[in-house]
1. Order 373-381, 26-34, 129-137, 241-249 from most to least packed using the mean count of other Cβ atoms within 10 Å.
2. Which one of 166, 191, 141 has its Cα pushed farthest toward the positive end of the charge dipole of region 77-214, where Lys and Arg give +1 and Asp and Glu give -1 at the Cβ?
3. Enter the per residue convex hull volume of region 69-224, computed from alpha-carbon coordinates, in Å³ rounded to the nearest integer.
4. When the chain is fully extended, how far beyond the present Cα-Cα distance does residue 72 get from residue 121, taking 0.36 nm per residue of separation?
5. Which of the GluC sites (Glu not before Pro) across region 55-121 are loop residues per DSSP, with 12 or fewer other Cβ within 10 Å?
6. Step by step: find N for region 208-322, compute 2.2 N^0.38 Å, then divide the Cα radius of gyration by it. What's the final number?
7. Among 7, 60, 27, whose Cα projects farthest towards the positive end of the dipole of region 1-130, with charges put on the beta-carbon of Lys, Arg (+1) and Asp, Glu (-1)?
8. Between 0 and 90 degrees, rounded to the nearest ten: what's the tilt of helix 33-42 against the longest Cα principal axis of the chain?
Amino acid sequence: MSRPGVLLDRDGTIIADTGYIGTVDRVEFLDGAIDAIAALNRASLPVAVVSNQAGVARGYFGIEDVHQVHKHMIEEMARHGAHVDLWLFCPYHPEGTVESFARASADRKPGPGMALAAADALGLDLTSSWVVGDSAGDMGLARAVGARSLHVGPLAYPAADVLSFPDLAAAVRHIVDDHNRSRPKVRPSFPARQYPDGSSFGSAYAGELARAFGRVDMVAVARAAELLNDAYDRDASVFACGNGGSASIANHLQCDHVKGVGNGTDLTTRVFSLSTNIELFSAIANDHGYDMVFEHQLQSLARPGDVLIAVSSSGRSANIVRALEWASRNGMHTIALTGFSGGGARDLASVSVHIDSDNYGIIEDAHQACMHLLAQYVRQSRMTPDDVTANIF
């Protein structure tokens, strides 16, 4: 996924531009520059340095000298808690005296080459990124790739579409403020305050549950329903697993997807909860570790083409993640019901039905509803329209 980032010129922006800097002893950091880069790091904004180094083409110093300067800068910044994610420079110049570097290059600013390389390496959306520098070449680079251009230096840049700042520190304050304004507001956890009585809490809880369930991706629900119907058509086995409250959902799933789907239909299914056999469950946990309680059962019971439904609010439980990994390696289809950030389960599953909440009760209530709606969808899909209206669900 692309993200915004910051492309920084080097000489005149981070260090003083005293002309063709090819040795470490000539590196002089500008006031506030290192702290400014550290501020970008804290804001989780990727930073790339993009610098024209025509001194290589003109024979003033070599490629290795540029690397040594950058190594020194890296070490000095690290001592102050700052880092640059990517260092790029262009050694070419059409008027160079070193034959191998005496040519034009799209990498030389204002050409777009270095910005495009940074975008590829760091996953940047250049149109939402910033270019900061002290020269017309830097501003031209920003225009070439559609980035926002910020000029630094004692004099304002003579163009209406360029913002000017006295130094990198001031430019970075603007960038961080702009970035923070554009980021989506973090929704407070529920409950975000204390409620005076059960009525007001109940109303708020119902509203939060409706909000969270209203954000469920129904395309994912449709895919999960298709996987289950297909498994039942093929007489494949369906396994469910979960811990704690999620274990009760896995157990309830077995009831509704065996007995429930058969009410008024001729459907017979093979659905099993891996959370219900306490003797087997505790034996595996005791002998092999709790992380193995679901995976070990799948090794004995599951076959390619079967389906695993993993229920986990956090999506991070080790036994859930291991079960999904084993299932994927062994040709099973997988469905995850998750909440919070979704954890590894959300990424591993063939289909993820995610609940956008960080409240366990809300997530588990929504998971229970998903379990019910999948069972009821399967049941009604096996009926005639008249039977659907005539039966109680």
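Rule-based calculations on the coordinates, nothing more; no lab input. Keep in mind that this is a model prediction, so the values were computed, not measured. Cβ: placed from backbone, ideal geometry, glycine included. Neighbour counts: every protein chain shown.
1. 129-137, 241-249, 373-381, 26-34
2. Working it through, the farthest residue towards the positive pole turns out to be 191.
3. 253 Å³
4. Answer, rounded to one decimal: 15.4 nm.
5. 95
6. Here the answer is 1.13, to two decimals.
7. Sorting the options by dipole projection puts first 7.
8. Tilt relative to the chain: about 10 degrees.
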